[in-house]
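No lab work stands behind these numbers, since they all come straight from the coordinates. Source: prediction; values computed, not measured. Glycine gets a Cβ as well: all are built from the backbone with ideal geometry, and neighbour counts include every protein chain shown.
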Amino acid sequence: MAAPASVNDGGILVFADNVELVGELLTAGFELAGGLQLPVTVAAIGGNAQSQLAEGLACGAGHVLVVNLTHDSEESIATGLCSAIRATNPAVVLVGATRMGAGIAARAGQMLQIPCVSNCIALELHSDGYLRVERRAYGGQFVSRQLLRSGPRLVTVPPRCFPQAMKVAGASGRITEISVTVPPPRLKIVSVSQRTRSPVDITKAEVIVGAGRGVQKIEDLQLLEQLARLLDGALAGSRPLTGDVDWLPMERRIGLSGQTVKPRLYIACGISGQIEHIVGMKGARTVVAINNDRNAPIHIAADYSVIGDLYQVVPALIQACERAKGKPDPAMSA
Ligand SMILES: Cc1cc2nc3c(=O)[nH]c(=O)nc-3n(C[C@H](O)[C@H](O)[C@H](O)COP(=O)(O)OP(=O)(O)OC[C@H]3O[C@@H](n4cnc5c(N)ncnc54)[C@H](O)[C@@H]3O)c2cc1C
């Protein structure tokens, strides 16, 4: 086996098109760099460059490299990222795994002919130059560990894997600028139209009530919505309710082909708990499963299991919540 490459002097380069992710990637970057005392640089590229610059400095980056582009598209941002990599010679490039970030990282990896590993949930950089990454495999049932030998290496990191970096008072990071002339985009955007989005963002909800195929009619969702409201939470669903039938919008789907959520409390109602669903909610702190089948796999993932009919259990929960909130209980006053 060839000898491992030594750690590149340029340290860690961080790029996220979504500004909210810059602080999370910096936490990952500081952890990686810490043991080896490597520098951490934020690349500020594209339409969000000024916000990325401000966030990078506020979160304590030692250096922000602003890459000015002649065009602003996924392709040109990837070209800009390549220039940032050439300019800083990093050991590891962390890219936020947004839809656009995933495309940018893949393009940059291809342009520079360097390795690109997607959706890494844990990272370790060793003094011998090896980067060890962990990624979920087979719908989250396994974690695969991979070693990457040569640097620079591109790694995409999904949102919410690392906490936000602490804001530092009186940020003193260095700012440098480069300008890159990118070829005119090969893709011509003819028109842009906004997709209608659900006003509720389940990824930010502290409490989620999940509806599954155990719910018999669309009208019955009101019951679950009522419970979610009482708990200051949001209503979400499994794939059958967010795709097979459009009872809930796609943005409310939890799972492999939907959203990954990390609420304090997740109440799964009439959800069997197939692995494609579990991967999206297993970060929940407390899981309550309401299912009339005691053998349903959701009970394995649950902290509390209620073996029963959701049409009896959910109204009882609603009554209990109303009582706790001091609202009149019609059943008691009748
Ligand atoms: C590539 C791929 C991607 C996928 N992505 C996702 C994804 O992102 N999210 C997702 O959720 N699924 C996803 N799926 C689908 C997944 O495999 C399951 O089919 C789906 O999660 C099942 O949804 P469910 O639990 O609501 O329905 P079911 O499996 O039909 O379960 C319904 C449950 O309700 C219970 N029940 C019935 N009546 C009652 C009642 N009155 N009271 C209490 N319990 C009751 C039943 O006992 C049963 O356990 C994906 C599948 C594939 C192949």
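Order of Leu36, Leu223, Leu13 from fewest to most other C-beta atoms within 10 Å? Mind dumping the intermediate values first?
On the way: Leu36 14, Leu223 19, Leu13 29.
Listed from fewest to most nearby Cβ atoms, that is Leu36, Leu223, Leu13.
How large is the direction-averaged shadow of the alpha-carbon convex hull of the chain, in nm²? Provide the component values of the computation, followed by the final result.
On the way: hull surface 85.3 nm².
Taking the Cα atoms of the chain, their convex hull projects to 21.3 nm² on average.
Indicate the gyration tensor shape class of segment 1-121 (rounded, prolate or oblate), computed on the Cα atoms with a ≥ b ≥ c the square roots of the eigenvalues: a/c under 1.5 is rounded; otherwise a/b larger than b/c is prolate and the rest oblate.
Details: a/c = 1.59, a/b = 1.17, b/c = 1.36.
Oblate, since a/c reaches 1.5 and b/c is not below a/b.
Taking 22 Å as R0, compute the FRET efficiency from the Cβ-Cβ separation of Arg99 and Thr70 and round it to 0.05.
Working: r = 24 Å, r/R0 = 1.08.
Rounded to the nearest 0.05, the efficiency is 0.40.
In nm, to one decimal, how far is the Tyr130 label point from the Gln146 one, both placed 7 Å along Cα→Cβ?
With each label placed 7 Å out from Cα toward Cβ, I get 1.6 nm.
If I fit a long axis through the Cα atoms of helix 49-58 and take the longest principal axis of the Cα atoms of the chain, what angle between them do I get, 0 to 90°, rounded to 10?
80
Per 0.36 nm of contour for each residue apart, how much would the distance between Ile300 and Glu276 grow if the chain were fully extended, relative to their Cα-Cα spacing? Could the numbers behind the result be given before it?
Details: separation 24, 0.36 × 24 = 8.64 nm, distance 1.44 nm.
In short, 7.2 nm is gained.
Could you tell me the calculated FRET efficiency between Ala122 and Glu225, based on Cβ-Cβ distance and R0 = 41 angstrom, to the nearest 0.05? Intermediate results must be reported in sequence, preceding the final value.
Numbers: r = 37 Å, r/R0 = 0.89.
Result of the calculation: an efficiency of 0.65.
For Ser150, Ser191, Ser118, Ser238, what ranking results if the residue with the fewest other Cβ atoms within 10 Å of its Cβ goes first? Intermediate values should be presented prior to the final figure.
Working: Ser150 15, Ser191 4, Ser118 18, Ser238 32.
Sorted ascending by nearby Cβ count, the order is Ser191, Ser150, Ser118, Ser238.
Would you kindly state how much longer the chain becomes between Val192 and Asp232 on full extension, computed as 0.36 nm times their sequence separation minus their alpha carbon distance, in nm to one decimal?
Details: separation 40, 0.36 × 40 = 14.40 nm, distance 3.47 nm.
Separation in residues times 0.36 nm, less the Cα-Cα distance, equals 10.9 nm.
Which of the residue pairs Lys167/Lys188; Lys217/Lys282; Lys188/Lys262; Lys188/Lys282 have a Cα-Cα distance greater than 30 Å in the structure shown?
Details: Lys167/Lys188 39 Å; Lys217/Lys282 27 Å; Lys188/Lys262 38 Å; Lys188/Lys282 41 Å.
Going by Cα-Cα distance, Lys167/Lys188; Lys188/Lys262; Lys188/Lys282 fall outside the 30 Å limit.
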